[in-house]
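Readers should treat all values here as calculations from the given coordinates under stated rules, not as data from a laboratory. Since this is a predicted model, take the numbers as computed values, not measurements. All Cβ positions, even for glycine, are placed from backbone atoms using ideal geometry, and neighbour counts span all protein chains on display.
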Amino acid sequence: MTDFSNQTAIVTGGAQGIGRAVANRLAEAGARLAIWDRDAELAREAATEIDGSAFACEVDISDYDSVEKAMAYTLEQTGRADILVNSAGIAGSNMPLADYPVEEFRTITEINLLGTFHVNRAVVPAMTSQGYGRIVNIASVAGKEGNPNASAYSASKAGVIGLTKSLGKELAGQDIAVNCVTPAAARTRIFDQMKQEHIDYMLSKIPRGRFLELDEAAAMIVWLCSIENSFTTGSVFDLSGGRATY
């Protein structure tokens, strides 16, 4: 495993799911973790369990002021921001677009897409000033293919892919890599937001015949966060178990 000693890693949504699995691996490899999560209590528990040097920040990534405060606190604690893994997001309801609640569509977009923008915008200046950084945004296979009855989620994650490609090109002249991953579904608390028929649909589309394991996702993401990933940027790494082979 790559050595992440003396590096600070920010993981949004790091209190659970893919974010927590990534945080665990980064901490094991020596990184100091800043767990950014809307659930303050769960974030503090995660930070305590992960490592003695880890710390939690209560953050609503859809609110830029909240993100700015978390960034200022992180820099105050560590003086650096070497790694960003933006894993915070929501799935929302499953229903046809014609029936989709307008306010819920807006909320999903504000968290998944605008939230990704907010977090990247807050972190990039620190990475630019120190001349190094690794960013991994968590998109979804739904952003590539579009899941029926999930227009808000699919559209927001497609936006994350586009944002990642754009930022990757902007920063390509520096040692700052910006990439994203497109996972198929993994069994996390996000399933609690979905109807069973939608869960069954997602499983039926995965040639591997099973859901993604959190450690499988973390293994790819942590490599993208490493100094070894010195060339690839603005790219989309597939984690769909064969569903999307592009």
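Just how large is the dipole of the range 8-238 about the Cα centre, in debye to the nearest 20, putting +1 at every Lys and Arg Cβ and -1 at every Asp and Glu Cβ? Please report the intermediate quantities before stating the final value.
Values: 20 positive and 29 negative charges, 121 e Å.
Its charge dipole is roughly 580 debye.
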Subject >> Lys/Arg +1, Asp/Glu -1 at C-beta; the chain dipole; positive extreme among Ala219, Phe231, Gly14 >> reply: Phe231
Subject >> Residue with peak Gaussian network fluctuation, the chain [Cα springs, cutoff 10 Å], from Ala31, Ala72, Ala43 >> reply: Ala72
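Ignoring the sites themselves, what is the longest stretch of the chain with no trypsin sites (Lys or Arg not before Pro) in a DSSP loop and at most 13 other beta-carbon atoms within 10 Å? All intermediate terms of the calculation are to be shown ahead of the outcome.
Working: sites that count: Arg187, Lys195, Arg208, Arg210.
The reported range is 1-186.
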Subject >> Gained length - Ala219 relative to Gln77, 0.36 nm times residue gap less alpha-carbon distance >> reply: 48.4 nm
Original post:
With the dipole of the chain worked out from charges on the C-beta (+1 for Lys and Arg, -1 for Asp and Glu) around the Cα centre, which of Thr74, Phe117, Leu203 lies farthest toward the positive end?
Top reply: Leu203
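For the chain, the longest stretch holding no GluC sites (Glu not before Pro) located in a DSSP loop with at most 16 other Cβ atoms within 10 Å is which?
1-212
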Original post:
Taking the chain, how many lysine pairs are there with alpha carbons less than 28 Å apart, if each pair must be eight or more places apart or span two chains?
Top reply: 14
Subject >> Potential lengthening between Glu68 and Glu103 on full extension [0.36 nm per residue; Cα-Cα distance subtracted] >> reply: 10.1 nm
